[in-house]
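Remarks on the structure that follows.
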Amino acid sequence: MKKIKIGLIGAGFMGRTHSTAYKSVNNIFGDDYVPELVVVADVNSDNAKALAEKYGFKRWTTDWHEVVSDPEVELVDITTPNASHCPIAVEAAKYGKNVYCEKPLSMTAQEAVNATKVVEDAGIVTSVGFNYVRNPIQQYVKELIASGELGEVVNFRGMYDQDYYNDPDQKHEWRMFKSASASGALGDLASHTLSLSQYLIGDIAEVCGMTKIIVPERPDPKDSSRMLPVENDDVVQFMFNFANGACGTIFSNRLAAGRKMSLGYEIQMTNGCIVYNQENQNQVQIYRHDDPKTERGFKTVLIAPGHGEYDKFYGGAGICLGYADQKTIEVYHTLQCVAEHKPYEIDFRFGMKVMQVIDAVLESAETRQWVTVK
Ligand SMILES: NC(=O)c1ccc[n+]([C@@H]2O[C@H](COP(=O)([O-])OP(=O)(O)OC[C@H]3O[C@@H](n4cnc5c(N)ncnc54)[C@H](O)[C@@H]3O)[C@@H](O)[C@H]2O)c1
């Protein structure tokens, strides 16, 4: 058994989600790697105190610098808004701490490139919170594509629609300021679709995209008679080419009425097709062109032992997993890589590549040209 001492920064939604995963991970995966909750920081003292008390962190503070410099902490877990991700990560690397950071990794691709150099030079282990790739069914899809059974990938048609900002009276929040979040639907939602495309198929080489703001201002949460500007994209869409020659499109709308968790894709291949949507995260639809002519059609494959780490949860197929389980799997991989000091596949370099595509889409939207991903 190896203990890994955790310093968490950010006690909001994701701070709670990561803490829940730390509490669950040993029940599911056994106790080879045991997280010890040492300290939590949040600029909001009520949030920090409440999270410390609820999950049993030994200490809490309002200053993240105390976490990255704490001699006891081995893994700094960053669940703050996007603008602080890289500044905290770079400081943590200076103290030799391993870093687990929420997505999107940074505000710009250049910031991600710089931070990736720092963490790689420091020789620390890093992990980025693209939890949807940790759904065990995605590992099955990745293996199915790699097996060649369905031929070559022709097209990845991806999406991520939600309607959490559909109501124009919904109050403004940090996600709508460029200074806190950089992009809107692109970094918040489509980054997850990009993580799936990158994980399942590979790097993206060039893009052509557009962005749109649908609701240009929203009520100030502190004074609803005042309006604040929405500075980043409500809607984004782009087409692209993968480095391996396949093509794709991604569409994302954070005001998409009726769409609650419509993160998904259709992967069209020369000899078949794979369809997935997160609203039914325990199944995938597979079409095999080699099936007998009388039986050709999409077939539903339910999550089952043999798909990624599913068998750690259940011995029988179709007993469903949920969002929190993906985070538990992500936390397990992160702890294991920290304990064994080995690279994690969804690391800063992976997050950096997502940021490079995001920047290329923003540049393309501004110049109305195809842009090569740097
Ligand atoms: N992987 C996912 O599925 C997923 C889902 C939601 C959010 N996220 C990401 O998680 C991050 C946080 O999002 P959230 O929904 O938890 O936001 P949130 O607003 O619920 O929580 C953010 C917390 O960080 C605190 N904070 C802000 N600046 C800070 C600083 N400098 N130092 C310490 N604390 C600070 C705030 O007070 C707040 O408690 C974002 O980067 C977001 O993109 C990822």
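The values are calculated or read from the model by the stated rules, or taken from the named source; none is laboratory data. Everything numeric here is computed off the predicted structure, so don't read it as measured data. Reconstructed Cβ throughout: ideal geometry from the backbone, glycine too, with neighbour counts over all protein chains shown. Side chains included, ligands, DNA and RNA excluded: accessible areas come from the protein's heavy atoms. Shrake-Rupley method; radii C 1.70, N 1.55, O 1.52, S 1.80 Å.
Residue-wise test of (1) polar (S, T, N, Q); (2) within 16 Å of the chain's Cα centre (by Cα).
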position: 58; (1), (2): no, no
position: 77; (1), (2): no, yes
position: 92; (1), (2): no, no
position: 98; (1), (2): yes, no
position: 111; (1), (2): no, no
position: 116; (1), (2): yes, no
position: 123; (1), (2): no, no
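Within the option set 305, 216, 292, 229, being at negative phi, surrounded by fewer than 18 Cβ atoms within 10 Å (Cβ to Cβ) and touching a Gly at 6+ places or on another chain (Cβ under 7 Å) holds for one residue only, 305. Pairing each residue of segment 345-367 that is free of Cβ contacts under 8 Å to residues at least 24 places away in the same chain with any residue that is surrounded by fewer than 24 Cβ atoms within 10 Å (Cβ to Cβ) and not acidic (Asp, Glu), provided the two are 6+ apart or on different chains, yields C-beta distances under 6 Å for 363/371.
Consider residue 42 carefully, then state whether it is farther than 21 Å from residue 328 by Cα and within 22 Å of the chain's Cα centre (by Cα). Yes; evaluated as a whole, the condition is true for this residue.
Listed by position, the helices (runs of 4 or more DSSP H) inside segment 1-101 whose residues that are away from the ligand (no atom under 13 Å from the Cβ) and either open to solvent by less than 10 Å² (accessible area, probe 1.4 Å) or in contact with a Phe, Trp or Tyr (Cβ under 8 Å, 6 or more places away or on another chain) (or both) number at least 2 are 13-29.
Might you let me know whether segment 262-272 holds any residue that is more than 17 Å from residue 200 (Cβ to Cβ), open to solvent by less than 10 Å² (accessible area, probe 1.4 Å) and not hydroxyl-bearing (Ser, Thr, Tyr)? Within segment 262-272 (the criterion being more than 17 Å from residue 200 (Cβ to Cβ), open to solvent by less than 10 Å² (accessible area, probe 1.4 Å) and not hydroxyl-bearing (Ser, Thr, Tyr)), the answer is no, since none of the residues qualifies.
State all residues of segment 157-182 that are open to solvent by 10 Å² or more (accessible area, probe 1.4 Å) and of a type in the set (Gly, Ala, Ser); if no residue qualifies, say none. Within segment 157-182, 179, 180, 182 meet the criteria. If you check 210, 176 for being within 16 Å of the ligand (Cβ to nearest atom), in the same structural domain as residue 154 (by TED's automatic domain parsing) and over 19 Å from residue 246 (Cα atoms), only one passes: 176.
To keep it simple, each residue is scored yes or no on (1) away from the ligand (no atom under 16 Å from the Cβ); (2) in the same structural domain as residue 280 (by TED's automatic domain parsing).
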| position | (1), (2) |
| --- | --- |
| 112 | no, no |
| 116 | yes, no |
| 119 | yes, no |
| 139 | yes, yes |
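One residue stands out among those in segment 102-124 that are under 25 Å from residue 232 (Cβ atoms) and part of a loop (DSSP other than H, G, I, E, B): the one that is most open to solvent (accessible area, probe 1.4 Å), which is 108. The criterion of being out of contact with any Leu (no Cβ under 9 Å at 6 or more places or on another chain) and either charged (D, E, K, R) or open to solvent by less than 20 Å² (accessible area, probe 1.4 Å) (or both) holds for residue 131.
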